Amino acid sequence: MADHDVDLFVIGAGSGGVRAARIASSYGARVMVAEEFRVGGTCVIRGCVPKKLLVYASRFSAEFEDAAGYGWAVPEPVFHWPTLIANKDREIARLEAAYIATLERNKVKWVRARAVLEDAHTVRLSTGAQVRAETILIATGGWPHMGPNIPGVEHAISSNEAFHLTDFPSRIVIQGGGYIAVEFACIFAGLGVHVDMVIRQQFPLRGFDEDIREALAEALAADGITIHRGTTVASVEANGAARRVHLVNGTMIETGLVFSALGRQAYTQGLGLEAAGVDTDGFGAIEVDGENRTSQANIYAIGDVTDRLNLTPVAIAEGHSLADRLFGPGPRRWDLDRVATAVFSTPPIGTVGLTEAEAARQGPVDVYVSRFTPMRHTLSGRARKTLMKLVVDQASQRVVGAHMLGEDAAEILQGLSIAINAGATKADFDRTVGIHPTAAEEFVTMRTRTRVAGVPEVKAAE
Ligand SMILES: Cc1cc2nc3c(=O)[nH]c(=O)nc-3n(C[C@H](O)[C@H](O)[C@H](O)COP(=O)(O)OP(=O)(O)OC[C@H]3O[C@@H](n4cnc5c(N)ncnc54)[C@H](O)[C@@H]3O)c2cc1C
């Protein structure tokens, strides 16, 4: 259209925005992207990627210890945080450059600026420029939520700052029990920091399978992490670099750093949504229909800003699908019902499908649980167990959930999620020949049912 500068304007060059922009452009659309911070977004700059690098770093301490059981004598290892952060930053810069190159190769115009909506077709950039767009895609992601406004909350950091600490602490308090809290607890513990986790519930990872949650809490404790259960942080005092944390249950912790990991919220503040007629829920997340369309017909939203399934592959799938639908051959089909996810704790967790409790609410289920010492730790002597679990719908015998806590859980569950999304039954699992000797083979050799759950109540005769 003549009065439009571009066919598609994308706000935010994160996982979803970059994918949507480059696919739309490859179909011939005129596309422009604005990014206020760094191209690549949360995942690449201060999320999945740098986190996984820190996870790798944190696991060496146990490797050095475990080597002794295999005959190695390792001199006292010394860890140097500035080296890790400098190397991590170099890799992140390389990835950002690769993302920029991809945009440019695909003829996407990009600008480093904050974008704000002025109306349903007009975007104002922090450079002062105004751009008219036929279609607008909001892909601004999420932002750490620091929780209630308790005294001293300003002395706590979020995951954003954790990747660039100048002073490496010897003790840290992590507030929250979600996956980011758990992952950073394991990272810091592995790097030799004393970690106190403060969680509102009895076990971390609300919403995950209960057996996994319980086994994780045991594993964290075995690695020296102190879990303060059923409580929250009441206040934080700062005295120079030292922090004093008061918990609601009366406990006081002297620490060097307070890390708030209480969740994330959609990043929509000051975005001009009202001016553009885009509705949000009560928490600032943009409401969309099944095709990612907002309440304004020409404006779409994908990824974390819609606060549904806040994962990189989901944002990418939505961005790709939207570009296909608007400018290409039509929507691509993705299964977003049973998306496998991982928690990169130590040991890691992989999960796909329903938890036992969720499945049991739908009807009777057969539950198979196996807990064992992985072969590697027979010689290392490390007290670390693997837990594997299958949840099977009794009527159809379809495997509706698979959960694992143990080495390589994320890698194993990715493969298993294909079988589960394809509708595999327990009999399909049983007739699959395992790979030996692996932990993964346990998923195809679990023959004895552990229990039945979700049995409907037997009604008394009237
Ligand atoms: C610590 C951490 C670890 C994580 N680990 C994992 C993991 O292991 N696996 C996984 O799948 N997911 C993980 N995630 C989640 C993952 O990062 C997000 O789901 C994903 O990045 C969402 O992509 P997105 O495109 O929706 O938004 P983002 O990647 O957040 O991108 C949004 C971009 O928009 C920019 N922006 C915002 N507002 C404006 C504006 N007004 N103008 C211009 N630019 C703007 C932002 O600067 C940002 O670059 C993690 C997240 C965190 C915080």
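Tell me the mean residue ellipticity at 222 nm calculated for the chain from its helices only (DSSP H runs of n ≥ 4, each -39500 (n - 2.57), averaged over every residue, nearest 500).
Per the formula, -9500 deg cm²/dmol.
Using a 1.4 angstrom probe on heavy atoms only, work out the carbon and sulfur share of the accessible area of the chain in %.
Details: 11490 of 21780 Å².
Reported share for carbon and sulfur atoms: 53 percent.
State whether segment 234-376 is rounded, prolate or oblate according to the following rule on the C-alpha gyration tensor (a ≥ b ≥ c being the square roots of its eigenvalues): a/c under 1.5 gives rounded; otherwise a/b larger than b/c gives prolate, and the remaining case gives oblate. Write down the numbers at each step before the final one.
Working: a/c = 2.34, a/b = 1.23, b/c = 1.91.
Because a/c hits 1.5 or more and a/b fails to exceed b/c, segment 234-376 counts as oblate.
For the pair Leu165 and Glu118, what calculated FRET efficiency results from E = 1/(1 + (r/R0)^6), where r is the Cβ-Cβ distance and R0 = 45 Å, to the nearest 0.05? Intermediate results must be reported in sequence, preceding the final value.
Values: r = 39 Å, r/R0 = 0.86.
So the FRET efficiency works out to roughly 0.70.
With everything on Cα atoms, drop me the angle between helix 409-421 and the longest principal axis of the chain, reported from 0 to 90° to the nearest 10.
70 degrees
What is the distance in Å between the Cα centres of segment 103-141 and segment 33-94?
34 Å
If we count every other residue with Cβ under 13 angstrom of Val245's Cβ, Lys/Arg +1 and Asp/Glu -1, where does the sum land? Display every interim value, and only then the final one.
Details: positive: Arg171, Arg243, Arg244; negative: Asp196, Glu237, Glu254.
With Lys, Arg at +1 and Asp, Glu at -1, the net is 0.
Taking 8 Å as the Cα distance limit and 6 or more residues as the minimum spacing, I'd like the relative contact order of segment 79-197 as a percentage. Don't jump to the answer; show the numbers that get you there.
Details: 75 pairs, mean separation 18.7, N = 119.
So the answer I get is 16 percent.
At 7 Å along the Cα-to-beta-carbon direction for both Arg325 and Ala427, put a label point, then send me their distance in nm to one decimal.
Each label point is offset 7 Å from its Cα along the Cβ direction, giving 3.8 nm.
So for the chain, averaging the separation of alpha carbon pairs under 8 Å that are six or more residues apart and normalising by length, what relative contact order in percent results?
Details: 975 pairs, mean separation 72.7, N = 462.
Relative contact order here is 16 percent.
What relative contact order, as a whole-number percentage, does segment 36-106 give when Cα pairs under 8 Å and 6 or more residues apart are counted? Write out the running numbers ahead of the final one.
Working: 28 pairs, mean separation 34.0, N = 71.
Once divided by the residue count of segment 36-106, the mean separation gives 48 percent.
Using a 7 Å offset from the Cα along the Cα-to-Cβ direction at both Thr448 and Glu358, what is the distance between the two label points in nm, to one decimal?
2.9 nm
Leaving ligands, DNA and RNA out of it, rank Thr226, Thr231 by accessible area with a 1.4 Å probe, largest first. Mind showing how you got there, number by number?
On the way: Thr226 50, Thr231 10 Å².
Result, largest first: Thr226, Thr231.
Considering only DSSP beta bridges where both residues belong to the chain, give the percentage that are antiparallel (nearest 5). Numbers along the way, then the final one.
Working: 48 of 77 bridges.
The answer is about 60 percent antiparallel.
Which of the lysines could a cross-linker bridge to Lys109, judged by Cα under 25 Å and excluding same-chain residues fewer than eight apart?
Cross-link targets: none qualify.
Can you compute 3J(HN,Hα) from phi for each residue in segment 233-246, using the Karplus curve 6.51 cos²θ - 1.76 cosθ + 1.60 with θ = phi - 60°, rounded to whole Hz and x for Gly and Pro?
Result, rounded to whole Hz: 7, 8, 6, 10, 10, 10, 9, x, 7, 7, 10, 10, 10, 9.
Would you mind pulling out the separation of the Cα centroids of segment 170-220 and segment 261-325, in Å?
29 Å
Rounded, prolate or oblate: which fits segment 72-118, taking a ≥ b ≥ c as square roots of the Cα gyration tensor eigenvalues, rounded meaning a/c under 1.5, else prolate when a/b beats b/c? Intermediate results must be reported in sequence, preceding the final value.
Numbers: a/c = 5.86, a/b = 2.69, b/c = 2.18.
It is prolate, given that a/c is not under 1.5 and a/b is the larger ratio.
What full-extension length gain, to one decimal in nm, is calculated for His4 and Ala395 as 0.36 nm per residue of separation minus the Cα-Cα distance? Can you show the working numbers first?
Working: separation 391, 0.36 × 391 = 140.76 nm, distance 5.61 nm.
My answer for the length gained is 135.2 nm.
Would you please name the trypsin sites (Lys or Arg not before Pro) within segment 205-301 that are DSSP coil residues with at most 13 other C-beta atoms within 10 Å of their C-beta? Please list the in-between numbers first.
On the way: sites: Arg206, Arg213, Arg229, Arg243, Arg244, Arg264, Arg293; in loops: Arg206, Arg229.
Counting only loop positions with at most 13 other Cβ atoms within 10 Å, the trypsin sites (Lys or Arg not before Pro) in segment 205-301 are Arg206.
Would you mind calculating the gained length between Val248 and Leu336 on full extension (0.36 nm times residue separation, minus the Cα-Cα distance), in nm to one decimal?
On the way: separation 88, 0.36 × 88 = 31.68 nm, distance 3.87 nm.
Between Val248 and Leu336, full extension yields 27.8 nm more.
In degrees, nearest 10, range 0 to 90: what is the angle between the Cα axis of helix 15-26 and the longest Cα principal axis of the chain?
Helix 15-26 sits at roughly 50 degrees to that axis.
Scan segment 417-459 for GluC sites (Glu not before Pro) in coil per DSSP, keeping those whose Cβ has at most 16 other Cβ atoms within 10 Å, and list them by number. Don't jump to the answer; show the numbers that get you there.
On the way: sites: Glu441, Glu442, Glu457; in loops: Glu457.
When the GluC sites (Glu not before Pro) of segment 417-459 are filtered for loop state and at most 16 Cβ neighbours within 10 Å, Glu457 remain.
Could you tell me whether segment 314-369 comes out rounded, prolate or oblate from its Cα gyration tensor? Rule is a ≥ b ≥ c as square roots of the eigenvalues, rounded for a/c under 1.5, then prolate if a/b exceeds b/c, otherwise oblate.
On the way: a/c = 4.78, a/b = 1.85, b/c = 2.58.
In terms of gyration-tensor shape, oblate.
Any chance you could give the angle, 0 to 90 degrees and rounded to 10, that helix 312-327 forms with the longest Cα principal axis of the chain?
30 degrees
The values are calculated or read from the model by the stated rules, or taken from the named source; none is laboratory data. Predicted model only: the values in this text are computed from it and were never measured. Positions of Cβ are backbone-derived with ideal geometry, glycine not excepted, and every protein chain shown enters the neighbour counts. Heads up: the accessible areas ignore ligands, DNA and RNA and are worked out on the full protein's heavy atoms, side chains in. Shrake-Rupley method; radii C 1.70, N 1.55, O 1.52, S 1.80 Å.
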